[in-house]
1. For residues that are at negative phi and in contact with a strand residue (DSSP E or B) (Cβ under 8 Å, 6 or more places away or on another chain), tally how many sit in region 197-221.
2. For region 162-189, enumerate the residues that are free of Cβ contacts under 8 Å to residues at least 24 places away in the same chain, surrounded by 15 or more Cβ atoms within 10 Å (Cβ to Cβ) and away from the ligand (no atom under 15 Å from the Cβ).
3. Against the condition assigned to a helix (DSSP H, G or I) and surrounded by fewer than 21 Cβ atoms within 10 Å (Cβ to Cβ), how does residue 29 come out, does it pass?
4. Out of (1) within 16 Å of the chain's Cα centre (by Cα); (2) modelled with pLDDT of 95 or more; (3) over 24 Å from residue 235 (Cα atoms), the odd one out for residue 17 is which?
5. Among (1) out of contact with any strand residue (DSSP E or B) (no Cβ under 8 Å at 6 or more places or on another chain); (2) more than 10 Å from the ligand (Cβ to nearest atom); (3) farther than 16 Å from residue 191 by Cα, there is one condition residue 157 misses while meeting the rest; what is its number?
6. Out of everything in region 84-93 that is touching a helix residue (DSSP H, G or I) at 6+ places or on another chain (Cβ under 9 Å) and under 26 Å from residue 243 (Cβ atoms), what residue ends up being surrounded by the fewest Cβ atoms within 10 Å (Cβ to Cβ)?
7. Can you find even one residue in region 215-233 that is modelled with pLDDT of 95 or more, surrounded by 13 or more Cβ atoms within 10 Å (Cβ to Cβ), within 26 Å of residue 146 (Cα to Cα) and within 21 Å of the chain's Cα centre (by Cα)?
8. Tell me which residues, restricted to region 111-128, are out of contact with any strand residue (DSSP E or B) (no Cβ under 7 Å at 6 or more places or on another chain) and buried (at least 20 other Cβ atoms within 10 Å of the Cβ).
Ligand SMILES: C[S@@+](CC[C@H](N)C(=O)[O-])C[C@H]1O[C@@H](n2cnc3c(N)ncnc32)[C@H](O)[C@@H]1O
């Protein structure tokens, strides 16, 4: 097992425009995967929060804004926080609405008052911090009662180690060492426990997997991510999973 502190979060300061353009880097996997994750999030938000009011959304560890920028085009009032100044600059550059409020901040100490947001998202993020429960507590603190928390992370088992860490290192060039660390992956039942202890109830989880049929011979030979590489939802939570939790509404004593 690897040491927890090995996680390489510095790499997000080196990507620049490559967040949006590179295919010879694992960031292309994140970008392609977001094409399946974002519609899932949007569908759930619209179903569960059909209010006419402008929803206030916080994207924690927003990176270069794949989700934040898309949510802003849907008319939501979006805030994005991340530790990586460089990534936030790229995110702002690709925000066609020019309305997302990007801010450098640490997810352990969100710079917002309690009960501010209708929706908080943390996509491909909780496995990048050593104390994910502390982040979940912060998420719950800033969520309004009844607010929604969307997450995406990786399960912790040897199959996930082989596919998400080793196979990616083998198949995609420029994969930095310790981009992911097995010990920081999170079992679905652990994440559910963190949510429960922070007054949030998990409503749904779904797996997400690569469509291996979209791998091409050229991509294998060049060790790049195919431009049409796609992901699909799957019932299995074995590798990578998305989820949705709701902040409990305080019961008023009769
Ligand atoms: C894999 S990227 C995910 C980016 C984005 N959520 C997405 O799905 O495209 C992880 C991000 O977490 C950020 N990060 C790591 N630790 C953080 C922390 N303690 N607080 C805020 N952001 C952090 C990194 O800078 C990086 O942008």
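1. Adding up the residues that qualify gives 12.
2. Applying the first criterion (free of Cβ contacts under 8 Å to residues at least 24 places away in the same chain) to region 162-189 yields 162, 165-167, 169-170, 189.
From the residues that got through so far, the ones that are surrounded by 15 or more Cβ atoms within 10 Å (Cβ to Cβ) too are 165, 169.
Selection gives 169 alone.
3. Values: assigned to a helix (DSSP H, G or I): yes; surrounded by fewer than 21 Cβ atoms within 10 Å (Cβ to Cβ): yes.
Here the answer is yes, as residue 29 does meet what is asked.
4. Residue 17 satisfies all of (1) within 16 Å of the chain's Cα centre (by Cα); (2) modelled with pLDDT of 95 or more; (3) over 24 Å from residue 235 (Cα atoms) except (1).
5. (3)
6. That would be 84.
7. yes
8. 128
The values are calculated or read from the model by the stated rules, or taken from the named source; none is laboratory data. Owing to the predicted nature of the structure, the values given are computational and were not obtained by experimental measurement. Cβ coordinates were reconstructed from backbone atoms using ideal geometry, including for glycine residues, and neighbour counts include every protein chain displayed.
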